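A.B. asks: First, the structure itself, so that you have it in front of you.
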Amino acid sequence: MKQALIAVSFGSSVARAREEIGAAEAALAAAAPGYTFRRAYTSPTIRRILAARGEPVDSLPEALDRLAEEGFERVLVQPTHLLYGYEYEAIREQVQAVSGRFETLKLGRPLMADDAALRALAACVTESYPIEEGQALVLMGHGTAHFANMVYPALQTAFRLQGADRVYVGTVEGWPGFD
């Protein structure tokens, strides 16, 4: 059975940011031995910029079409998105639109999908970035008008529950902000 894993990201035109996306993709590929790895970016603007540079990246529908044409039967789609929201809903719709083309087509959850994931993330961040006396750690997300924006204050609560009272979670375009 031909199997594939597609890592779906918003994408970036910045090389350093693509290295970070690449690190997440490498971890996903390593976790799925026996699966052919593919990537897809959701942002049409990013894909257009990269294509003009000679670095084309498929959209999710393009990647799914290629896999169907190549005879893949089992496909896993794993977003690198942090939370459910408008981008995730678009990915879900694109996956559902082609579900009949594969024997198995599954969509993974975002990183901050539930309270256990938020607590694990808070523990990982706290361990990875110890805060010295007189310092604080500020984590910024994009923010969204989608109800999923509630994950940001929930993450803040996860830090507080483990005693990390000098970690602050905010958003650029949402709540909580830093007004």
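A.B. asks: With ALA158, ALA116, ALA136, ALA145 as the choices, which residue is open to solvent by less than 50 Å² (accessible area, probe 1.4 Å) and more than 22 Å from GLU25 (Cα to Cα)?
C.D. replies: ALA158
A.B. asks: Name the helices (runs of 4 or more DSSP H) wholly within the range 67-179 that hold at least 2 residues that are over 25 Å from GLY22 (Cα atoms) and among the small types (Gly, Ala, Ser)?
C.D. replies: Ranges flagged: 151-161.
A.B. asks: Also, I was wondering about something else. In the set TYR86, TYR129, which member is open to solvent by 50 Å² or more (accessible area, probe 1.4 Å), touching a strand residue (DSSP E or B) at 6+ places or on another chain (Cβ under 8 Å) and on the phi < 0 side of the Ramachandran plot?
C.D. replies: Answer to the check: TYR129.
A.B. asks: Could you tell me whether any residue of the range 34-50 is in contact (Cβ under 8 Å) with a residue 40 or more places away in the chain, closer than 29 Å to GLY143 by Cβ and in a helix (DSSP H, G or I)?
C.D. replies: No, the range 34-50 contains no residue that is in contact (Cβ under 8 Å) with a residue 40 or more places away in the chain, closer than 29 Å to GLY143 by Cβ and in a helix (DSSP H, G or I).
A.B. asks: Please work out if LEU111 is touching a helix residue (DSSP H, G or I) at 6+ places or on another chain (Cβ under 8 Å), open to solvent by 30 Å² or more (accessible area, probe 1.4 Å) and either modelled with pLDDT under 95 or not hydrophobic (A, V, I, L, M, F, W, C) (or both).
C.D. replies: Judged against the criteria, LEU111 is a match.
A.B. asks: Among the residues of the range 62-83, which ones are farther than 30 Å from ASP115 by Cβ and open to solvent by less than 50 Å² (accessible area, probe 1.4 Å)?
C.D. replies: ALA63, LEU64, LEU67, ALA68, GLY71, PHE72
A.B. asks: Determine which single condition PRO61 fails, assuming it passes every other condition in (1) part of a helix (DSSP H, G or I); (2) free of Cβ contacts under 8 Å to residues at least 24 places away in the same chain.
C.D. replies: (2)
The values are calculated or read from the model by the stated rules, or taken from the named source; none is laboratory data. Note that this is a predicted model, so its numbers are computed, not measured. Glycine also receives a Cβ, built like all others from the backbone with ideal geometry; neighbour counts cover every protein chain displayed. Surface areas here come from the heavy atoms of the whole protein model, side chains and all, with no ligands, DNA or RNA. Shrake-Rupley method; radii C 1.70, N 1.55, O 1.52, S 1.80 Å.
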